[in-house]
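Here is the structure we will look at, set down as structure tokens.
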Amino acid sequence: MVRTLCKFALFLIAFSIAVVLAPGQSSSGPIPSQSHTSEIIRLATTTIRTINAPEADQGAAVDAKHLYAIDNSVIAKYDKEDELLVAIWDCGEACPIEHLNSCFAEDGELWCANSNYSETPMASSIERFAVADLSHIGSHSLGIMDEGSLTWFDRYEGGWLAGFAHYDGEDGGLAYKGHRSTGVVTFDAQWRRTGGWMLPNSILDRLAPDAASGGQIGPDGLLYILGHDKPEMYVLAKPKMGPKLVHLATLDIALEGQAFSWDPIRTRTIFGINRRDGLLIEVKIPEVSIFHPNAIPFRE
């Protein structure tokens, strides 16, 4: 009788363990939850409106009252509400500013990334304009950069977070570095390098043969980037460990890559471009959660 009871007790213990543990799990590790996963999610965005802007070839910037369509050496200023052209800066054919990639508005100024694309070796500069009349008010040359060609930058921890491009092929590319050398670099306020990360393969595979053309930290502290021409936006987090950024989500979006800017007034809204049709496009961006165990925001 005692032996029978002991066997029954052992059976109950074994059954209890089998119920608690998920299939394929052992008692030596925790059971993963849905919020503790490395799966890349896919989300849809909402197009709000399109605005005719023939200068919209490289990117868009936005402040409280105006929109800015950016071309290589042209910036056009549009009223945000009535969509009419207000002012234009055109540097002309012999302009030393050859390839404006992106701009963002801050405290009455436009801060813009410029490069010598498609020349090599790659060199870049920071160009500043007054939003009131689009006059050029300052320049800081980064010179030749091993990191590549500057395409976008944003404020980060008292300094800068910046995206640099490398390309496959001879048109603006280097024989010994292809698009997989595209990365994100941190600098202090004087543009001295302090760190950086590589992009994950899940994004690099989609960018080929080009690089990330636009990027900015969103209101949720995550990094949002656009490629060269695909209608996709990629959402990235800073890794807790390691040199590679964490790819959280891919957003389907009615933009053909290039540079964009977050609207400072309208919640989770950006302005980007369709360069083929010369359009500024306003887009609503969905909320993105941080669910990856190695992911943290760039800003809290």
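Here are some notes:
- Placing dummy labels 7 Å off each Cα toward the beta-carbon, the span from ASN201 to ALA94 is 5.1 nm.
- Student exercise, the range 144-245 dipole from Lys, Arg, Asp, Glu Cβ charges, in Debye to nearest 20: 400
- In order through the range 100-112: 3J(HN,Hα) via Karplus (6.51 cos²θ - 1.76 cosθ + 1.60), integer Hz, x for Gly, Pro: 5, 9, 7, 9, 9, 8, 7, 6, x, 10, 9, 9, 10
- Among MET233, MET122, MET145, the largest mean-square fluctuation in a Gaussian network model of the chain (Cα springs under 10 Å) belongs to MET145.
- Cα long-axis angle, helix 2-20 against the chain (0 to 90 degrees, to the nearest 10): 10
- Of LYS240/LYS284; LYS230/LYS284; LYS80/LYS284; LYS177/LYS244, pairs whose Cα-Cα distance is over 22 Å: LYS240/LYS284
- Per residue, the chain exposes 48 Å² of accessible surface when a 1.4 Å probe is rolled over the protein heavy atoms with every protein chain present.
- Difference of contour (0.36 nm per residue) and Cα-Cα distance, ASP188 to GLU170: 3.3 nm
- FRET efficiency, GLU83 to SER139 (Cβ-Cβ, R0 41 Å, nearest 0.05): 0.85
- Our estimate of slack between ARG180 and ALA132, defined as 0.36 nm per intervening residue step minus the Cα-Cα distance, is 13.4 nm.
- According to the Kirkwood relation over distinct C-alpha pairs, the hydrodynamic radius of the range 68-215 is 16.0 Å.
- To put it simply, the accessible area of the chain at a 1.4 Å probe is 55 percent carbon and sulfur.
- In plain terms, the chain from THR120 to ASP277 could stretch by 53.6 nm, reckoned as 0.36 nm per residue minus the Cα-Cα distance.
- The chain - charge dipole about Cα centre, Lys and Arg +1 at Cβ, Asp and Glu -1, debye rounded to 20: 2040
- Considering only SER73, SER181, SER139, the Gaussian network model of the chain with Cα springs below 10 Å gives its largest mean-square fluctuation to SER139.
- Highest-MSF residue in the chain out of LEU110, LEU150, LEU84 [GNM, Cα springs under 10 Å]: LEU84
The values are calculated or read from the model by the stated rules, or taken from the named source; none is laboratory data. Everything numeric here is computed off the predicted structure, so don't read it as measured data. Cβ atoms come from the backbone with ideal geometry, glycine included; neighbour counts cover every protein chain shown. The accessibility values were calculated without ligands, DNA or RNA, using every heavy atom of the protein model including side chains. Shrake-Rupley method; radii C 1.70, N 1.55, O 1.52, S 1.80 Å.
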